[in-house]
Amino acid sequence: MTMTPYRPGRNGGNFYSGSPVDRAAQDRADAARIASYLACGDTLLVPCWHGRHLIVQDGDDSARIELPARRSALLTPEILDRSNWVFLGYLDGRPLFVVDLSLLDQPELVFPHARGTFRELRPLAGLLPPDEAAILAQARGMVHWRAHSRFCGTCGAPNRPDQAGHRLACTAEPTHLHFPRTDPVVIMLVQRQDRVLLARGTRFGTESRTLSALAGFVEPGETPEEAVAREVMEEVGLPVDTIRYHSAQPWPYPGTLMLAFTAIAHTDALRLDPEEIVEARWLTRDDVRNHAALGFTLPGPTTIARRMIDDWLE
């Protein structure tokens, strides 16, 4: 795989999307097939340990994930039985599994020949090839869901894995089935004439100087477009219309789906919610291009917020 830092492009997909994995949902229920894959030396593994991954950093501007083959890993049946694992599908025709080794104190001992070390994804994500980052987005989402769904949400009994890790069944009442969840979040770039609204939320702390698009979770019984209008009104007091879908991005921190929209405001007046927003500014294109001189930074290049801002600049 080509190892180049990610640069968002207007006609390209968003980072963490475009996975090369064939998810092969039709094979998940074939327990014998999955068992044979787990025993096969050619099977590829995505090791995970407390949210970290085997990553090789080749320099200041490139990195890659390491996907060890089953034969090169000291992954005993005992370790596998103690670990959450999920069949992700096929990568270049080879079975691919994520294995969560968080129960181990020294997971690196399982991979004695690995060049990579267990590293946090977020600081290195932009150095990875986009297709490799997309593999980790899928793996992280499944591991997080499994780790936080150990017990049935209906009766509290332990869950057991099914469908190669893609479904959990209650051990007390098998009809209680649980499936992977992704939380939908709307992110919106509000515009008025030749200006755009960027803001800084309280959750980023007082040290951050990053201004970004507004965002918020979609609530039950609400369409994404309704969530856009509600969130903008709640956070900055602006009524908006002409809400248009832009694109989507899986966001594996820990498992959301970012649904991006643009919206038009017909007034400049802002009324900030102090519990959500620290500051918000109307900015021209020149302001955004000269953001360093104006004392703020833009979202990182792997974010959908940056993609929307760059598209607006163009």
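Observations, loosely collected:
- Test: residue in segment 113-128 that is more than 23 Å from Ala39 (Cα to Cα), of a type in the set (Asp, Glu) and part of a loop (DSSP other than H, G, I, E, B): no
- Given (1) at pLDDT below 95; (2) part of a helix (DSSP H, G or I); (3) over 22 Å from the mean Cα position of the chain (by Cα), number of the condition Arg230 does not satisfy: (1)
- For segment 233-247, taking the residues that are of a type in the set (A, V, I, L, M, F, W, C) and outside any helix (DSSP H, G or I), the one that is farthest from Ala269 (Cα to Cα) is identified as Ile243.
- Residue ID - farthest from Pro130 (Cα to Cα), chosen from residues in segment 248-271 that are in a strand (DSSP E or B) and touching a His at 6+ places or on another chain (Cβ under 7 Å): Thr262
- Residue check for Glu222: farther than 30 Å from Asp30 by Cα, open to solvent by less than 60 Å² (accessible area, probe 1.4 Å), free of Cβ contacts under 8 Å to residues at least 40 places away in the same chain and assigned to a loop (DSSP other than H, G, I, E, B): yes
Results for (1) small (Gly, Ala, Ser); (2) touching a residue at least 40 places away in the same chain (Cβ under 8 Å); (3) buried (at least 19 other Cβ atoms within 10 Å of the Cβ); (4) in contact with a strand residue (DSSP E or B) (Cβ under 7 Å, 6 or more places away or on another chain), shown as yes or no for each residue.
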| site | (1), (2), (3), (4) |
| --- | --- |
| Glu234 | no, yes, no, no |
| Ala248 | yes, yes, no, yes |
| Trp251 | no, yes, yes, yes |
| Asn290 | no, no, no, no |
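- Residue in segment 183-202 that is among the hydroxyl-bearing types (Ser, Thr, Tyr), out of contact with any helix residue (DSSP H, G or I) (no Cβ under 7 Å at 6 or more places or on another chain) and over 23 Å from Gly255 (Cβ atoms) present: no
- Segment 105-121, subset surrounded by 15 or more Cβ atoms within 10 Å (Cβ to Cβ) and either more than 24 Å from Gly59 (Cβ to Cβ) or aromatic (Phe, Trp, Tyr) (or both), residue nearest to the chain's Cα centre (by Cα): Phe118
- Restricting segment 209-218 to residues that are farther than 16 Å from Ala260 by Cα and under 21 Å from the mean Cα position of the chain (by Cα), the residue that is most open to solvent (accessible area, probe 1.4 Å): Thr210
- Selected residue (only one of Asp92, Asp58 is under 20 Å from Ala134 (Cβ atoms) and modelled with pLDDT under 95): Asp58
- Residue satisfying all of: in segment 122-149; surrounded by fewer than 21 Cβ atoms within 10 Å (Cβ to Cβ) and out of contact with any strand residue (DSSP E or B) (no Cβ under 6 Å at 6 or more places or on another chain); nearest to Pro254 (Cα to Cα) among these: His144
- Across segment 183-192, not a single residue is classified as outside any strand (DSSP E or B), within 20 Å of the chain's Cα centre (by Cα) and under 20 Å from Ala260 (Cα atoms).
- Number of the exception - Gly255 against (1) open to solvent by 60 Å² or more (accessible area, probe 1.4 Å); (2) at pLDDT below 95: (1)
- Hits in segment 38-73 - residues which are surrounded by fewer than 19 Cβ atoms within 10 Å (Cβ to Cβ), touching a residue at least 60 places away in the same chain (Cβ under 8 Å) and touching a His at 6+ places or on another chain (Cβ under 9 Å): Gly51
- The set of residues from segment 258-281 being open to solvent by less than 40 Å² (accessible area, probe 1.4 Å) and over 16 Å from Ala305 (Cα atoms) comprises Ala265, Ile277, Glu279.
- Residue satisfying condition, being touching a residue at least 60 places away in the same chain (Cβ under 8 Å) and closer than 19 Å to Asp100 by Cα, within set Arg181, Arg150, Arg195: Arg181
The values are calculated or read from the model by the stated rules, or taken from the named source; none is laboratory data. Only a predicted model underlies this, so the values are computations on that prediction, with no experimental measurement involved. We place every Cβ from the backbone using ideal geometry, glycine too, and count neighbours over all the protein chains shown. What goes into the accessible areas is simple: the full protein's heavy atoms, side chains included, and nothing from ligands, DNA or RNA. Shrake-Rupley method; radii C 1.70, N 1.55, O 1.52, S 1.80 Å.
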